[in-house]
Amino acid sequence: MKEHCFCLFIDGLDEFEDSEERHTLLAERLQTWTDRNPEHVKICVSSREENPFMNQFSPSQRLRLHLLAEGDIREMANDFLDKHHNFRGEASKAREKLIQEIVSRAEGVFLCVRLVLEELWEGLDDGQPLQDLYDLLNTLPDELEEFFTHILRSIRKSNQKESWTIIAVVMATNGFDIYGHLSLFHYSFVKDFLKNRQFALEQGICDTTLPETGSRLDAFRSRVNGL
């Protein structure tokens, strides 16, 4: 050990699940590693502020990342929403209050903010006043996994099957060199497949002419945006 030094970075201690190792024991184990080898073992961990970790690690050892990122998140949210004329038309105090609410809910997670801003932008497109945007903000999930589920379920019901199938194909082909580079043209046939599983045999994709391919791509580009 004396000839080696170790620096460990561990993300999401609060998400660790093991029936044999409770969070309190996990925190104590990590602290023991550094206590026994203070010159050779350094550990940087991240977690939500749950009691097992808050009780074990002293305040002098902690950084609250959401406070460090607050200024950048505020700037990002303000720059994004300020591009919408409906947002600029609201009173400055009301705009600042909404931005502050976004920053407070984000807790330092930029991806959450980006998703929230997209939802609020749609509200601005619909001409909703800021009070309605506050209400919308309060209905949005705080956890990323729940947020992704919310996004998938918010797709118009008539489009859900096609949208979800496209996502499923992307996931299934990811990492395969042969199938992993499907083009927009390929995905344009998903709806045909959902209507008739034998369409490729009956219709013959290879018989599509160049003008037909161009028209199909133009139409599907618009449809993808809608989906």
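With respect to ASN78, is the statement that it is in contact (Cβ under 8 Å) with a residue 40 or more places away in the chain, out of contact with any His (no Cβ under 9 Å at 6 or more places or on another chain) and of a type outside the set (A, V, I, L, M, F, W, C) true? No, not satisfied. Would the stretch 61-73 turn up any residue that is over 30 Å from HIS23 (Cα atoms) and either without any contact (Cβ under 8 Å) to a residue 40 or more places away in the chain or in contact with a strand residue (DSSP E or B) (Cβ under 9 Å, 6 or more places away or on another chain) (or both)? Yes, because at least one residue in the stretch 61-73 is over 30 Å from HIS23 (Cα atoms) and either without any contact (Cβ under 8 Å) to a residue 40 or more places away in the chain or in contact with a strand residue (DSSP E or B) (Cβ under 9 Å, 6 or more places away or on another chain) (or both).
Residue count for the stretch 117-137 satisfying the condition of being closer than 19 Å to HIS66 by Cα and modelled with pLDDT under 85: 1.
Within the stretch 84-96, identify whether any single residue is of a type in the set (Ser, Thr, Tyr) and in a helix (DSSP H, G or I), and answer yes or no. Yes, the stretch 84-96 contains at least one residue that is of a type in the set (Ser, Thr, Tyr) and in a helix (DSSP H, G or I). Only residues that are under 21 Å from the mean Cα position of the chain (by Cα) and open to solvent by less than 60 Å² (accessible area, probe 1.4 Å) were counted in the stretch 37-65, giving 2. The condition of being in contact (Cβ under 8 Å) with a residue 60 or more places away in the chain and among the hydroxyl-bearing types (Ser, Thr, Tyr) holds for only one of SER163, SER158, SER154, that being SER163.
Considering only residues that are within 26 Å of the chain's Cα centre (by Cα) and open to solvent by 60 Å² or more (accessible area, probe 1.4 Å), which ones fall in the stretch 86-96? Scanning the stretch 86-96 gives a single hit, GLU96. Scanning the stretch 179-197 finds one or more residues that are open to solvent by 70 Å² or more (accessible area, probe 1.4 Å), modelled with pLDDT under 80, over 22 Å from GLU118 (Cβ atoms) and not aromatic (Phe, Trp, Tyr). Apart from one condition, ALA27 fits all of (1) surrounded by 15 or more Cβ atoms within 10 Å (Cβ to Cβ); (2) at pLDDT below 90; the exception is (2). Of all residues in the stretch 107-163, those being over 20 Å from ALA77 (Cβ atoms) and surrounded by 15 or more Cβ atoms within 10 Å (Cβ to Cβ) number 3.
The values are calculated or read from the model by the stated rules, or taken from the named source; none is laboratory data. Quantities reported herein were computed from a predicted structural model and do not represent experimental measurements. Ideal geometry is used to build each Cβ from the backbone, glycine not excepted, and the neighbour counts take in all protein chains shown. Note: accessible area is taken over every heavy atom of the protein model, side chains too, but ligands, DNA and RNA are not part of it. Shrake-Rupley method; radii C 1.70, N 1.55, O 1.52, S 1.80 Å.
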